[in-house]
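Quick note: the coordinates plus some simple rules give every number you see, no bench work behind them. Note that the structure is predicted; figures quoted are calculated from it, not measured. Reconstructed Cβ throughout: ideal geometry from the backbone, glycine too, with neighbour counts over all protein chains shown.
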Amino acid sequence: MPSVSNPNLPLSIIRFSTISAYRAWRHEALLDGKTVGFVPTMGALHEGHISLVKRSLVANDLTVVSIFVNPAQFAPHEDLATYPRTLPRDMELLKDLKVDVADQTSGDRVKRRVAAVFAPTVVEMYPSGIVQNIAEQKGAFVEVKGFGHQMEGKSRPTFFRGVTTVVTKLFNVVQPTHAYFGQKDIQQALILKRLCRDLLFGYPEHQNVHIIPTERDSTDELALSSRNQYLTVDGRKVASILIEALKAAAKAWTESRSKAECIEEAYRTVERKEAKAKSDGLQVVIKLDYIEMNDAESFDVLEGEVQRDEEESRVVILSGALYIDKTRLIDNILLGNASHIIG
Ligand code: PAF
């Protein structure tokens, strides 16, 4: 069994594909009193994932990354078969990653690297089997009721059940002290916090589920996502339309305009950008799925002409989804003081 005794300088990342091997390693870490930071991913790693891993490296003795494309969160018509699977490249990326931290006893600067990758098979994770059609599924599934049908859940009704099921399994195996998720998937991250709170998880406790700000392309602020690699050259040129639309709505919100006007601003921005793409001769089909404003606590849609002074104290999720050809992009901006949610 590879040792956890010198986590700061592992020769290489340990890759586990079985739960039993991982558990033996985790048991040793527990006996050694090590904290474990965890970044669950579906692979095809990008700078967004790397920023989560760095956060974990800084704050934990050991960092574990999981790479598992979870069939249960894809509807039958979605992209499970084509989802990018790049494990060797992902391992290389993680191997090269290191952060400088101060050693707790000596105070010396030491380099910390990812300690382990958990990359199980589908059979390992779904011992009762898994099909994508939920009417035909058998076995245990986990649902956070009342929070999975708004925003993303409206367009992807079985998505969050798949996510909460797999993350429950991953948390049960990995036993993380802290876990890290990106703000791009804000609804997912908030639901997972609630999952840990409502099911009284000890690994991690809900307050140790951290939401880290979205990493963006430095030129046009497109939110980084593994699915961006589906975009064509023309598609990539217009992919920042969603964040531009959200920013237009956010600006209207800060000008104290009504919710309806904010959403209208967003729609107008999409229409304008779409017309420009057409006049520039770009070969791309742009289709807005939704732009919505929801309360960050209840996920309720903000209703009608809400009193703005009532709004000051609450956080609002301004979110949207947009198809560029067949690629579905999502993004969000948090309105209000979200410092208790992010970080
Ligand atoms: O955000 C993701 O990549 C996935 O939904 C997650 C959390 C790894 C579960 O499969």
Item to complete: Determine whether residue 26 is away from the ligand (no atom under 16 Å from the Cβ), more than 28 Å from residue 227 (Cβ to Cβ), basic (Lys, Arg) and not in a strand (DSSP E or B).
Response: yes
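In segment 74-94, which residue that is part of a helix (DSSP H, G or I) and in contact with a Leu (Cβ under 9 Å, 6 or more places away or on another chain) is farthest from residue 25 (Cα to Cα)? Quick ask: steps written out before the conclusion?
At the first step, the residues of segment 74-94 found to be part of a helix (DSSP H, G or I) are 87-94.
Now restrict to residues that are in contact with a Leu (Cβ under 9 Å, 6 or more places away or on another chain): 89-90, 93-94.
Numbers: 89: 24, 90: 21, 93: 22, 94: 19 Å.
Ranking the candidates gives 89 first.
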Worksheet item: Residues 50, 67: which one is within 16 Å of the ligand (Cβ to nearest atom), in contact with a strand residue (DSSP E or B) (Cβ under 8 Å, 6 or more places away or on another chain), closer than 25 Å to residue 228 by Cα and of a type outside the set (Asp, Glu)?
Response: 67
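Please enumerate the residues belonging to segment 195-217 that are under 23 Å from residue 56 (Cα atoms), away from the ligand (no atom under 14 Å from the Cβ) and either assigned to a loop (DSSP other than H, G, I, E, B) or not polar (S, T, N, Q) (or both).
Within segment 195-217, the first condition is being under 23 Å from residue 56 (Cα atoms), and the residues that meet it are 195-197, 200-217.
Those still in the list that are away from the ligand (no atom under 14 Å from the Cβ) too: 197, 200-203, 205-208, 213, 216-217.
Residues satisfying the conditions are 197, 200, 201, 202, 203, 205, 206, 213, 216, 217.
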Practice prompt. Would you please list the contacts, defined by Cβ atoms under 8 Å and residues six or more apart or on different chains, that run from a residue in segment 30-47 that is within 23 Å of residue 183 (Cα to Cα) to a residue that is part of a strand (DSSP E or B) and of a type in the set (Phe, Trp, Tyr)?
Written response: 37/180; 38/180; 39/180; 40/181
Item to complete: Pairs only if they're at least six apart or on different chains, beta carbon under 7 angstrom, first in segment 121-136 and touching a residue at least 24 places away in the same chain (Cβ under 8 Å) and within 13 Å of residue 70 (Cβ to Cβ), second of a type in the set (D, E, K, R) and surrounded by 14 or more Cβ atoms within 10 Å (Cβ to Cβ); list them, first residue then second.
Response: 125/169
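Quick one: is residue 163 within 13 Å of the ligand (Cβ to nearest atom), out of contact with any Phe, Trp or Tyr (no Cβ under 8 Å at 6 or more places or on another chain), β-branched (Val, Ile, Thr) and in a helix (DSSP H, G or I)? Outline the logic, then answer.
Numbers: within 13 Å of the ligand (Cβ to nearest atom): yes; out of contact with any Phe, Trp or Tyr (no Cβ under 8 Å at 6 or more places or on another chain): yes; β-branched (Val, Ile, Thr): yes; in a helix (DSSP H, G or I): yes.
Yes.
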Worksheet, complete the sentence: Those residues of segment 169-179 which are more than 10 Å from the ligand (Cβ to nearest atom) and outside any helix (DSSP H, G or I) amount to 175, 176, 177, 178
Discussion item. Restricting to segment 83-100, name every residue that is touching a residue at least 60 places away in the same chain (Cβ under 8 Å) and either away from the ligand (no atom under 13 Å from the Cβ) or touching a strand residue (DSSP E or B) at 6+ places or on another chain (Cβ under 7 Å) (or both).
Written reply: 91, 94, 95
Practice prompt. Hey, could you check segment 140-160 for residues that are surrounded by fewer than 22 Cβ atoms within 10 Å (Cβ to Cβ) and in a helix (DSSP H, G or I) and say which is farthest from the ligand (Cβ to nearest atom)?
Written response: 154
